[in-house]
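Notes follow once the structure below has been shown.
The values are calculated or read from the model by the stated rules, or taken from the named source; none is laboratory data. Every value quoted in this text rests on a predicted model; they were computed, and no experiment measured them. Cβ coordinates were reconstructed from backbone atoms using ideal geometry, including for glycine residues, and neighbour counts include every protein chain displayed. Note: accessible area is taken over every heavy atom of the protein model, side chains too, but ligands, DNA and RNA are not part of it. Shrake-Rupley method; radii C 1.70, N 1.55, O 1.52, S 1.80 Å.
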Amino acid sequence: MWAGENARGSRALVIRLSIISYRCQGRQPGASVFSRPSLARQLVWRHVSRDRAQRRTDGIRGVFMPSVLIIEDDEDGRRAVAKLFARADWKVFEAADGDSGVELALRNRPEVILCDLLMPKSNGFQVCRTIRQQLQPTKIIVVSGRDYAVDRASALEAGADEFLLKPITWEVLRASIDRLLTPIPERPRTTASPEELGSVPPRIKLWGVRGSVPVPGPATIRYGGNTSCVEVRADGEIIVLDAGTGIRALGLALEKELGPGTIKLTLLITHTHWDHIQGLPFFSPAYNSKNLISILGYEGARAGLGPILAGQMETPFFPVGLHELPSHLTIEELKDMEFQIGKVKVEAKFANHPGICVGYRLFTSAGSIAYMPDNEPYEPLKLQLAAHDGIDRNQARDFAGAERAKMVEFLRDCEVAILDAQYTDEEYKAHLGWGHSSLSSVVLLALDANVKRVLLFHHDPSHDDDMIDLMVEQARELVRKSGKAMVVEGAREGAEILLELPARSRKR
């Protein structure tokens, strides 16, 4: 694609670049696309000095060196461009095909990607789609010799930030990079040491506790009407569980608390039903370029996590696209069921709920927190299906028992479990197969798992404060009959719970 040679000047680096052009599609002589692939166009990179490069580097990452990934199958051209960026103090990665480019991009997370459109293995459109799902802040510039409006539109739709035509001057490319990289959020300062964090107990705060749809109004004042969102502060991390409408108030509170500081957090999505993601477009920290937001979850039933989250922000549903958010936002589809967020170990478990849905268990320095907002007991559903499909009832019951035992182990000895309790026992009879729990089933599950404290969660939109009060009292009566000491509460918007640190961690 490109080739170059040195020129004179102590403060200017003049590079002649050759662009391999594409066969002319009925163009007149003098057009920018040549009729023979062997012909070349000279490009000049002027006025690039180390001082300028250093100033741009300082503006992008403080003292960090910016990085670029060049994905191009023409080896000579790729290496020539790599030298130009290297002379301007950029860290350069190179890939000869689309698949290798995607791998390098996800591993190294460069600030800028220059991507050819027509390449072996994965073409430029495929590269853009794959990278954009996981590297929201990375800027992607697609460079093509084909001047078709459909190519430009398709590249931008796939996630490219810019579409430039060959041959292209460095002035145009440099102007695009300067515009796209203004500004990039700074990386956060190093977190406090474990010793400094030892005196701060992990904290849970509930920002949204409702299921299905938000229901603000006088009948839901005490328990709240916002949909699912829970904040956990533990061991130097801010972990947010789901992005229902409650995440809006969380965002405002974080900005007020941290002021000009960088907000660094991890958002764990249990599933992409709307009541668990609908608040994300209104999460104000996502609109500030200084903030670092990681969104983790599992693949949706029909599309990947990234496209689903972006879909609800597309026109005509929302005026700002996910890709337009200025924060350093990344989306990662999880594959493993165990992973780390800093010092917090996280375990995930698939729930009995339509589509791909999980619950999470966070292991902190003061004990563990389980979050299973959408889950249906197996036995009633399996027995109903067995009767309908002619399956042996004993086999169905054995399967359901084995699955319940796995859930008991997942919750075993939790300090706090935030569990789906959407229906009363009577209501559940009319809602088999809807993916939610009855009150008694969730209480008995928690008792068997020796959970210390249960928060009844995902309140049905038809339940007012008085109904939830009644359900809490019924749950407590079940606990009293069991003879155990488990604490039961209704999840209440705005409530905070502190986990007690081990005695040795409290000593200074």
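Quick notes
- Considering only residues in segment 168-202 that are touching a Ser or Thr at 6+ places or on another chain (Cβ under 6 Å) and open to solvent by less than 60 Å² (accessible area, probe 1.4 Å), the one that is modelled with the highest pLDDT turns out to be P202.
- The set of residues in segment 155-167 being open to solvent by 40 Å² or more (accessible area, probe 1.4 Å) and touching a residue at least 60 places away in the same chain (Cβ under 8 Å) consists of L165 alone.
- Only listed residue being open to solvent by 10 Å² or more (accessible area, probe 1.4 Å) and within 32 Å of the chain's Cα centre (by Cα), chosen from L444, L498: L498
- Test result for T270, open to solvent by less than 40 Å² (accessible area, probe 1.4 Å), in a loop (DSSP other than H, G, I, E, B), modelled with pLDDT of 95 or more and under 17 Å from L362 (Cβ atoms): yes
- The C-beta contact set for segment 365-376 (first residue in contact (Cβ under 8 Å) with a residue 60 or more places away in the chain and among the hydroxyl-bearing types (S, T, Y), second residue open to solvent by 10 Å² or more (accessible area, probe 1.4 Å) and not in a loop (DSSP other than H, G, I, E, B), distance under 7 angstrom, 6+ apart or interchain) comprises S365/S505.
- In segment 139-154, the residues that are without any contact (Cβ under 8 Å) to a residue 40 or more places away in the chain, open to solvent by 10 Å² or more (accessible area, probe 1.4 Å) and outside any helix (DSSP H, G or I): Y148
- Criterion violated by G244 - all others in (1) of a type outside the set (K, R); (2) touching a residue at least 40 places away in the same chain (Cβ under 8 Å); (3) buried (at least 19 other Cβ atoms within 10 Å of the Cβ); (4) not in a helix (DSSP H, G or I) satisfied: (2)
Matching residues to (1) part of a loop (DSSP other than H, G, I, E, B); (2) modelled with pLDDT under 85:
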position	(1), (2)
F64	yes, yes
L69	no, no
A80	no, yes
V92	no, no
C115	no, no
P137	yes, yes
L156	no, no
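- Residue within segment 335-352 that is outside any loop (DSSP other than H, G, I, E, B) and under 12 Å from the mean Cα position of the chain (by Cα) present: no
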